[in-house]
Each structure stands twice: as structure tokens, then as C-alpha cells.
1. Exactly one of these conditions fails for residue 116: (1) at pLDDT 90 or above; (2) out of contact with any Lys or Arg (no Cβ under 7 Å at 6 or more places or on another chain); (3) crowded, with 22+ Cβ neighbours inside 10 Å; (4) of a type outside the set (D, E, K, R). Give me its number.
2. With the condition kept exactly as written, say whether any residue in the stretch 160-173 is assigned to a helix (DSSP H, G or I), under 24 Å from residue 103 (Cα atoms), out of contact with any strand residue (DSSP E or B) (no Cβ under 6 Å at 6 or more places or on another chain) and of a type in the set (A, V, I, L, M).
3. Since residue 95 meets every condition but one in (1) of a type in the set (Lys, Arg); (2) buried (at least 18 other Cβ atoms within 10 Å of the Cβ); (3) closer than 29 Å to residue 165 by Cβ, which condition does it not meet?
4. What number of residues within the stretch 125-180 are within 14 Å of residue 59 (Cβ to Cβ) and of a type in the set (Val, Ile, Thr)?
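The values are calculated or read from the model by the stated rules, or taken from the named source; none is laboratory data. This is a predicted model, so every value here is computed, not measured. Don't worry about glycine lacking a Cβ; one is built from the backbone with ideal geometry, like all the others, and counts go over all protein chains shown.
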Amino acid sequence: MKYAAAIVFLSAAVAAGCASDPPKPAAAPMPTRAATVRPAPAVAAPIEKPGDDPSRSNINISDEIKKACGITDSEAFFSYDSANVRPQDKAVLKKLADCFSTGPLKGRELRLVGHADPRGEEEYNMVLGGRRADNVKSAIADEGLSAAKIATTSRGELDAIGTDDDSWAKDRRVDVVLGK
């Protein structure tokens with residue numbers, strides 16, 4: 001039985017090969033770009049340093065916004081390798097949300113620029129700055145400002161000027177500025 005099936009299969013293959021239509025040339029293969037696989041950046045585990053407190057962050061509000069929104073100098077600090085927004089910062093974020101949704105800056109765009117200190121890989125720091133800005137955006141949106149009115153970007157370590165623990169703490173921040 002298997003022999004008969006094989007003969008039928010071979011006969012069909014031979015008949016197809018002897019058909020009157022000339023065989024079509026094989027289509028030229030489309031050039032493809034080799035997939036570039038970039039290795040994940042090597043990120044060392046965070047180095048514990050004095051003052052690296054995950055409950056601290058830095059939200060730097062421009063003087064123009066502070067004045068328009070009636071916000072006093074209040075600080076929050078980002079720790080090394082952290083993008084957390086502290087619960088106690090909610091009052092300031094609520095003032096920002098109110099000011100941009102119903103207050104003096106109603107209709108204006110709020111822009112958040114994330115920063116990182118120079119420790120770590122450049123790409124990692126760029127992502128970390130973006131996470132910081134995105135987390136502040138989420139917290140402000142949770143307080144009532146439409147997320148569509150908040151733009152985020154990251155400068156990573158590009159503007160970092162710190163050289164020690166105290167000055168690196170100032171590099172870890174989100175700048176809150178007026179958008180265009």
C-alpha cells in the first residue's frame with residue numbers, strides 16, 4: 001500500500017514537472033537587513049552611598065510657575081537610581097494641577113524635564129530621567145490636570161554638574177517649566 005502511494009505521488013510530481021508551461025524563474029530574494037541585536041547596556045547595581053535615600057527626590061519648579069501658582073520653595077529629592085514621587089509632595093503637585101487646569105496658567109502646557117547624575121551608563125541615565133518625568137506627570141495627572149497638557153522629556157546626565165554626593169543629589173531632579 002505504501003509502495004502504491006509513493007508511485008502515485010512520484011507520478012504526480014513527474015507530470016507536474018512535464019507540464020507545457022515553462023517553469024517560472026525563482027523570484028529574486030528581497031534584500032533584508034540583518035537584524036541588529038544590541039546588547040542591553042551593562043548596568044552595575046546601584047552603589048549605596050551616604051544620602052542615597054529613596055524617600056527623597058528633587059522637583060525643581062521654575063520661578064515663573066511658583067509665582068503664578070503661589071507655590072513656596074518646597075523641595076523633594078530623587079535618590080540615586082530612584083524615580084519615586086513621595087506622598088508628602090502631593091500638596092505641591094495638587095497646586096500645580098489646579099493652577100494649570102483652573103488657575104492663572106489654565107490652558108498652558110506644563111513641561112517636565114527629567115535629569116540624572118552622571119553615575120551609570122548614559123543610556124540608562126536618559127531612561128531614568130524619563131522615568132522621573134513620567135512619574136511626576138502621572139502624579140500631577142492624578143491630582144486633576146489632563147495628561148494631554150503635560151509634556152515630558154529627559155536630559156539624563158547631559159546637564160549634570162555634580163562631583164560628589166551632595167552635588168549629585170542636585171543633578172537628580174525633574175524641572176517643571178512652562179511649555180510652549
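1. Condition (2) is where residue 116 drops out.
2. Checked the stretch 160-173: no residue is assigned to a helix (DSSP H, G or I), under 24 Å from residue 103 (Cα atoms), out of contact with any strand residue (DSSP E or B) (no Cβ under 6 Å at 6 or more places or on another chain) and of a type in the set (A, V, I, L, M).
3. Checking residue 95 against (1) of a type in the set (Lys, Arg); (2) buried (at least 18 other Cβ atoms within 10 Å of the Cβ); (3) closer than 29 Å to residue 165 by Cβ, the one that fails is (3).
4. Residues flagged as within 14 Å of residue 59 (Cβ to Cβ) and of a type in the set (Val, Ile, Thr) within the stretch 125-180 amount to 7.
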